[in-house]
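*Asks:* Pasting in a structure now, in structure tokens, and then I'll have a few things to ask.
The values are calculated or read from the model by the stated rules, or taken from the named source; none is laboratory data. Values in this document were obtained by computation on a predicted structure and should not be read as measured data. Ideal geometry is used to build each Cβ from the backbone, glycine not excepted, and the neighbour counts take in all protein chains shown. The protein model used for the area step is the full one, side chains on, heavy atoms only, and it has no ligands, DNA or RNA in it. Shrake-Rupley method; radii C 1.70, N 1.55, O 1.52, S 1.80 Å.
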Amino acid sequence: QQQVKQSPQSLIVQKGGIPIINCAYENTAFDYFPWYQQFPGKGPALLIAIRPDVSEKKEGRFTISFNKSAKQFSLHIMDSQPGDSATYFCAATVDSNYQLIWGAGTKLIIKP
Amino acid sequence: DTGVSQNPRHKITKRGQNVTFRCDPISEHNRLYWYRQTLGQGPEFLTYFQNEAQLEKSRLLSDRFSAERPKGSFSTLEIQRTEQGDSAMYLCASSLVWAGDPQFFGPGTRLTVL
């Protein structure tokens, strides 16, 4: 019940396309869902986060869609660029500053 | 630089040796977390502190692992009698204690046990 399942494991998209990464969770006590971006050899960097009281949140080219009844949330990257090539992790927690439960990651490659 | 810093960035050691890593959080952050990340996987929670108090430890944190935050500022993570399975990236994060404040991560310490 503590797991967060992330898919796909890897994704290749042409520049300008809209990659979509999906996550699903079981624990209904989770109430904070961040997405992190990680480049090789670096720590994860927070991209955007959402709480279950909203169905969508947008920050720049990044959008989270949240479906509370299905216990699923997804990340969309608009107008993707080669510089967006990285590994993306979804996570979930009870409250933002408790231990994060992470998905397995999606390695995203944006082709020029 | 006002972000989370970790030292060393890389550590190579022989099996059976002890190693210690340091994390300096963002200065006003009360909470400090340690995670471990193996290649191709998401980070796994190890432990976290609120000020100097260690509030939770994962079952992943065997008795060979110990973490301290003696003055509520920097933290150290020590691994005694290292094993090859300890090879991983050790990540530190910090946050404020208020709800809605995210965790900010350091660059990690990559440990290789030969």
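*Asks:* So what are the ³J(HN,Hα) numbers for segment B:8-16, from phi and the Karplus equation (6.51, -1.76, 1.60; θ = phi - 60°), rounded to whole Hz, Gly and Pro as x?
*Replies:* In residue order, the calculated couplings are x, 7, 9, 9, 10, 9, 8, 3, x Hz.
*Asks:* I would also like to ask the following. Nearest 20 debye, what's the magnitude of the dipole of segment B:1-88 about its Cα centre given +1 on Lys and Arg Cβ and -1 on Asp and Glu Cβ?
*Replies:* Computed charge dipole of segment B:1-88: roughly 300 debye.
*Asks:* Whole number in Å², please: accessible area per residue of chain A, 1.4 Å probe, ligands, DNA and RNA not counted. Don't skip to the end; give the middle numbers.
*Replies:* Working: 5330 Å² over 112 residues.
The answer is 48 Å² per residue.
*Asks:* Chains B and A: what accessible area do they bury, summed, in square angstrom to the nearest 100, with a 1.4 Å probe?
*Replies:* Between B and A, the summed buried area is about 1600 Å².
*Asks:* Counting heavy atoms of the protein chains only and a 1.4 Å probe, report the per residue accessible area for chain B as a whole number of Å². Provide the component values of the computation, followed by the final result.
*Replies:* On the way: 5780 Å² over 114 residues.
Accessible area per residue, chain B: 51 Å².
*Asks:* At 1.4 Å probe size, with the rest of the protein present, what percent of the exposed accessible area of chain B is carbon and sulfur atoms?
*Replies:* Solvent-exposed carbon and sulfur of chain B make up 46 percent of the total.
*Asks:* Filter the GluC sites (Glu not before Pro) in segment B:5-114 down to the DSSP loop ones having no more than 11 other Cβ atoms within 10 Å, then list what survives.
*Replies:* Taking segment B:5-114 and a limit of 11 other Cβ atoms within 10 Å, the loop GluC sites (Glu not before Pro) found are B:E28.
*Asks:* Using a Gaussian network model of chain A with C-alpha springs under 10 Å, which one of A:S74, A:S85, A:S55 is most mobile by mean-square fluctuation?
*Replies:* Greatest mean-square fluctuation among the candidates belongs to A:S55.
*Asks:* Right, another one. Let's test the formula: R0 of 35 Å, r as the Cβ-Cβ distance of B:S73 and A:K107. What FRET efficiency results, to the nearest 0.05?
*Replies:* Values: r = 36 Å, r/R0 = 1.02.
About 0.50, to the nearest 0.05.
*Asks:* Tell me the GluC sites (Glu not before Pro) within segment A:1-101 that lie in a loop according to DSSP and have at most 14 other beta-carbon atoms within 10 Å.
*Replies:* Filter output for segment A:1-101: A:E26.
*Asks:* Please build a GNM for chain A, connecting alpha carbons under 10 Å apart, and tell me which residue among A:A91, A:A29, A:A49 fluctuates the most.
*Replies:* Its mean-square fluctuation being the largest, the pick is A:A29.
*Asks:* Still on this structure: Specify the inter-centroid distance of segment A:48-104 and segment B:68-109, based on alpha-carbon positions, in whole Å.
*Replies:* For segment A:48-104 versus segment B:68-109, the Cα centre distance is 23 Å.
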